[in-house]
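The values are calculated or read from the model by the stated rules, or taken from the named source; none is laboratory data. For clarity, every value in this text was computed on a predicted model and none was experimentally measured. All Cβ positions, even for glycine, are placed from backbone atoms using ideal geometry, and neighbour counts span all protein chains on display. Only protein heavy atoms, including side chains, enter the accessible area calculation; ligands, DNA and RNA are left aside. Shrake-Rupley method; radii C 1.70, N 1.55, O 1.52, S 1.80 Å.
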Amino acid sequence: MSETNNKVTVLEARDISSILGIALANAYKLMKRPDFPAIKVSARRYVVPEAAFRKWLDDQAEAKKAGTGADAEWHH
């Protein structure tokens, strides 16, 4: 994670990988999904504002509870 005085904290693929306990390659795939709050900052670099990541994660948990998340088909 990078954070500088009064700046937005952003997560990189390795942070996402560590937080979610997934392979780095899967973190990169996740960051390229249209429903994921990643921002492309250069041809090969994506970052995610930490607050947006936490909101996305909360939304995924709520969707799973409601049975409408990306993995809903596995629960029917």
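One table, with the values for the structure above:
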quantity: Long-range neighbours under 9 Å by Cβ, at least six apart or interchain, first residue under 15 Å from residue 55 (Cα atoms) within segment 17-41, second charged (D, E, K, R) and at pLDDT below 95; calculated: 31/40; 38/32
quantity: Matching residues, segment 43-56, being modelled with pLDDT of 95 or more and out of contact with any Asp or Glu (no Cβ under 9 Å at 6 or more places or on another chain); calculated: 49, 51, 52, 54, 55
quantity: Every residue from segment 43-58 that is assigned to a helix (DSSP H, G or I) and among the small types (Gly, Ala, Ser); calculated: 51, 52
quantity: Residues within segment 25-34 that are open to solvent by less than 80 Å² (accessible area, probe 1.4 Å) and more than 9 Å from the chain's Cα centre (by Cα), tallied; calculated: 2
